[in-house]
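Below: one structure, written as structure tokens.
The values are calculated or read from the model by the stated rules, or taken from the named source; none is laboratory data. Since the structure is predicted, the reported quantities are computational estimates derived from the model, not experimental observations. In this analysis, Cβ positions are derived from the backbone assuming ideal geometry, glycine residues included, and neighbour counts consider all displayed protein chains.
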Amino acid sequence: MSKKLTKNRKKILEKISSKNKKYSLKEAISIIKEIKFVNFDASVDISVHLGIDVRSPNQMVRGTVLLPYGTGKNICVLALVPEEKELEVQKAGADFVGLKYIEKIKSGWTNVDIIVATPSVMNQLGNIGKILGPKGLMPNPQMGTVSINPEISVKEIKSGKIRFKADRYGIVHASIGRISFLHDYLLINIEEFMKIIIRNKPSASKGSYIKSIYLSSTMSCGIPLDLKSFVNK
């Protein structure tokens, strides 16, 4: 972390301390790039507070989005597939391949970010559900991680496909790039993410669906976004 703030950073921090100020997406991205506080390529994150009743199953918001410019992070993928599919998923970029990893998971190994599986092997995962479930690693058809074409799923994940799910407070958190990304790359990634969030509005949700949106980077404060950047498009 920087030990000393420059005059420009101080001015920016003072500017965004205003409680009522909301920023356009373009302004927020510029500010995020100005107030970098770490010496590594920080993650750029978005938090969207939704007007949903999280206690109602038919108002759960979850899904996937393929970010046009990826996340800037190498996602580690395990593909649990039959032997005849192993070569295909390896070529698609899977880091670990094969049903032999089921036994390894039973021993406590979960050093992956996402697990992809075919429908034919799902009945073999019952014994490890209690291990994978709490870590958010259990393959799920709704999230695109259970597929008859696992090689396509792996390729999409490696290309920047991310999963999202509203937490118990109705907030969706996601990493949508890196501080080193070009301004327009971040802009396009965020616009694509928000398009999918808006498209996933539950029919049972009443009133304002998008309550607030904040943009931040690693160890930075959140920049409140003007909702008009999205909801009026």
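Restricting attention to the range 158-183, the residues that are closer than 19 Å to Gly63 by Cα, part of a helix (DSSP H, G or I) and not small (Gly, Ala, Ser) total 1.
Quick grid of which residues meet (1) over 15 Å from Ser217 (Cα atoms); (2) at pLDDT below 90; (3) outside the structural domain of Met194 (by TED's automatic domain parsing); (4) surrounded by fewer than 19 Cβ atoms within 10 Å (Cβ to Cβ):
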position: Thr6; (1), (2), (3), (4): yes, yes, yes, yes
position: Arg9; (1), (2), (3), (4): no, yes, yes, yes
position: Ser30; (1), (2), (3), (4): no, no, no, yes
position: Glu34; (1), (2), (3), (4): no, yes, no, yes
position: Leu50; (1), (2), (3), (4): yes, no, no, no
position: Gln90; (1), (2), (3), (4): yes, no, yes, yes
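Residue-by-condition table, conditions (1) at pLDDT 90 or above; (2) in the same structural domain as Ser30 (by TED's automatic domain parsing); (3) aliphatic (A, V, I, L, M):
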{"residue": "Arg168", "(1), (2), (3)": "yes, yes, no"}
{"residue": "Asp184", "(1), (2), (3)": "yes, yes, no"}
{"residue": "Met194", "(1), (2), (3)": "yes, yes, yes"}
{"residue": "Gly207", "(1), (2), (3)": "no, yes, no"}
{"residue": "Ile223", "(1), (2), (3)": "yes, yes, yes"}
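If the condition is being in a loop (DSSP other than H, G, I, E, B), in contact with a Phe, Trp or Tyr (Cβ under 7 Å, 6 or more places away or on another chain) and closer than 19 Å to Gly63 by Cβ, then the range 184-233 contributes only Lys201. Scanning the range 31-89 for residues being closer than 25 Å to Leu187 by Cα, among the acidic types (Asp, Glu) and in a helix (DSSP H, G or I) gives a total of 1.
Could you please let me know if Thr118 is in contact (Cβ under 8 Å) with a residue 12 or more places away in the chain and under 17 Å from Ile152 (Cβ atoms)? Taking the combined requirement at face value, the residue satisfies it. In the set Asn140, Asn127, only one residue is closer than 30 Å to Lys201 by Cβ and in the same structural domain as Val154 (by TED's automatic domain parsing); that residue is Asn140. Right, Thr110: touching a Leu at 6+ places or on another chain (Cβ under 7 Å), of a type in the set (Ser, Thr, Tyr), within 19 Å of Lys73 (Cα to Cα) and modelled with pLDDT under 95 or not? Spelling it out, Thr110 is indeed touching a Leu at 6+ places or on another chain (Cβ under 7 Å), of a type in the set (Ser, Thr, Tyr), within 19 Å of Lys73 (Cα to Cα) and modelled with pLDDT under 95.
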